[in-house]
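Notes for the one structure printed next.
The values are calculated or read from the model by the stated rules, or taken from the named source; none is laboratory data. What you are looking at is a predicted structure, and each value in this text was computed from that prediction instead of being measured. Cβ atoms come from the backbone with ideal geometry, glycine included; neighbour counts cover every protein chain shown. Areas reflect the complete protein model, heavy atoms only, side chains present, ligands, DNA and RNA absent. Shrake-Rupley method; radii C 1.70, N 1.55, O 1.52, S 1.80 Å.
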Amino acid sequence: MTTDEFRKHAHELVEWMASYMENVENYPVKSSVEPGEIFNKIPDNPPEHSESFDQVMMDFDRILMPGITHWQNPNFFAYFPSNTSPSSILAEMLTSTLASQCMIWETSPAAAELEEKMMIWLRDMIGLPPEFEGVIQDSASTATLAAILTAREKISNYSINNEGAEHAGTLKVYCSDQTHSSVEKAVKICGIGRKNLVKISVKQDFSMDPEKLNEAIINDKKRGHIPCCVVATLGTTGTTAVDSIMSIGAICRENGIWLHVDAAMAGTALILPEFQWMLEGREYIDSFLFNPHKWMFTNFDCTAFFVKDAGALIRTFEILPEYLKTRTRGKVNDYRDWGVPLGRRFRALKLWSVIRTYGTEGLRGKIRYHISLAASLSEMILKEADFEILAPVIISLVCFRYKPSGLKEDQLNLLNEKLNHLLNDSGKIYLSHTVLNNKYTLRMVTAQTNVTLEHVEKAWDLIMKTARGLNS
Ligand SMILES: Cc1ncc(COP(=O)(O)O)c(C=O)c1O
């Protein structure tokens, strides 16, 4: 493709992108293709001869678009959002055009230094203490793995990386039974072992019970096990419950245990002074993550990962083959030493673009609005006698179910599951679910970049009508 041809296609593509943004609401939110449907439409072999980009684009529209679930549709209320914004998309265009490999400072000093500055901006925006240093990871799962590996190295005096785990004893990691599965995955693959992940029960508000944590640690120590890391969550996936950093942190400090905080979704709410209470006890935190790629309008992937002792992180991950030695080593941040991958995309650029174009005031306004939508939705639900809210509404998630009178618990579960599928199959809205105290629970997140009160009202109307239609 010549640059002139590229220019032509790029202009056309920008038209496609802008009209997609304008029309995204008209697409069915959730794709309704059958398994294998897309796969079978793609030829079994690659083309021998060059095809034009127009042909690629035609097949993109014809074959792939029906198999896309439209996360940027404001009627997307499922999971947690994976938001974007025009300024983030524009920055991503620059990033893919530069296609720089930002593994070490020398391979793109601007990327390393912008990343360092962006992590300072974010740290200060969310209220982490100034001794924290940050790095961008691809995902919360990777950042949690990095945190647990660092905790493992620190507790073993950095011996497991060198010697293996044979003589390290039985390390224990603790989290609540509401914690995201990425912690279980990390414990599974970092050599600590799934059976050494202790899931602590939660209080009525679904936050970790610190007394139960304390008991578990005492019992493990009595058995000669080595408590290594506690993962606390600000904003659990199921209900956005907030674990008490203050109480959990004091227990960690007393026992010399690494405290990692997963604030993947709720971390963005920390930019609001009225949500700073979630970070009380911040002095106890060793590592912390949140996902601008969820709620801060920055394209996936972008996880902000902060550590108090960056030296411990670097000591866990650094490795220095001859071909990566530079004259600037030690004077600059070589982020390849701050996590698993060597190669790194220039992700700081989209953060810079988003924060500058919204401004911190603009970001605060948008987050506050999303939180107010969840409050409005809970008011709507509370007005209806045949619906109930099943968890405290803290940020932008409401957990509820349809509960017509006269039905037993298992019938209610089946009814709500059916309701969820019916709503999602309609293509009009998309919700997800969880199970709370054995109750099938609908989750509705009011945090998509462009969601408005009107979308929430219409969605609620549809939910009520569909639910009552099911039971009539
Ligand atoms: C609390 C929490 N932690 C971690 C994750 C995993 O995020 P990622 O996809 O960035 O690994 C999620 C995903 O929704 C989450 O809700």
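Touching a residue at least 60 places away in the same chain (Cβ under 8 Å) and open to solvent by less than 10 Å² (accessible area, probe 1.4 Å) - does that describe any residue in the stretch 244-256?
No, the stretch 244-256 has no match at all.
Residues that are in contact with a Phe, Trp or Tyr (Cβ under 9 Å, 6 or more places away or on another chain), in a helix (DSSP H, G or I) and under 15 Å from residue 79 (Cα atoms): does the stretch 424-447 have at least one?
Yes, that holds for at least one residue.
Which pairs turn up if I take residues in the stretch 226-238 that are at positive phi and within 9 Å of the ligand (Cβ to nearest atom) and look for partners that are among the charged types (D, E, K, R) and not in a loop (DSSP other than H, G, I, E, B) with beta carbon separation below 9 Å, at least 6 apart in sequence or on another chain?
235/262
Residues that are within 16 Å of the ligand (Cβ to nearest atom) and either closer than 18 Å to residue 231 by Cβ or small (Gly, Ala, Ser) (or both): find the helices (runs of 4 or more DSSP H) completely inside the stretch 131-200 holding 3 or more of those.
140-155, 181-189
How do the helices (runs of 4 or more DSSP H) wholly within the stretch 1-60 filter down when requiring 1 or more residues that are in contact with a Pro (Cβ under 8 Å, 6 or more places away or on another chain): which remain?
3-23, 37-41
Counting only residues that are of a type in the set (Gly, Ala, Ser) and open to solvent by 20 Å² or more (accessible area, probe 1.4 Å), how many does the stretch 169-192 have?
Here the count works out to 3.
So for the stretch 251-271 (the condition being within 12 Å of the ligand (Cβ to nearest atom), in a loop (DSSP other than H, G, I, E, B) and within 16 Å of residue 230 (Cβ to Cβ)), does at least one residue qualify?
Looking for residues that are within 12 Å of the ligand (Cβ to nearest atom), in a loop (DSSP other than H, G, I, E, B) and within 16 Å of residue 230 (Cβ to Cβ), one finds at least one in the stretch 251-271, hence yes.
Criterion first (over 18 Å from residue 202 (Cα atoms), within 13 Å of the ligand (Cβ to nearest atom) and either open to solvent by 40 Å² or more (accessible area, probe 1.4 Å) or more than 13 Å from the chain's Cα centre (by Cα) (or both)) does residue 305 satisfy it?
No: the conditions fail for residue 305.
Just to verify a result, which residue in the stretch 272-300, among those that are more than 10 Å from the ligand (Cβ to nearest atom) and among the aromatic types (Phe, Trp, Tyr), is surrounded by the fewest Cβ atoms within 10 Å (Cβ to Cβ)?
Selected residue: 277.
Go through the stretch 345-393 and give me each residue that's open to solvent by 20 Å² or more (accessible area, probe 1.4 Å) and assigned to a loop (DSSP other than H, G, I, E, B).
345, 346, 347, 383, 384, 385, 386, 390, 392, 393
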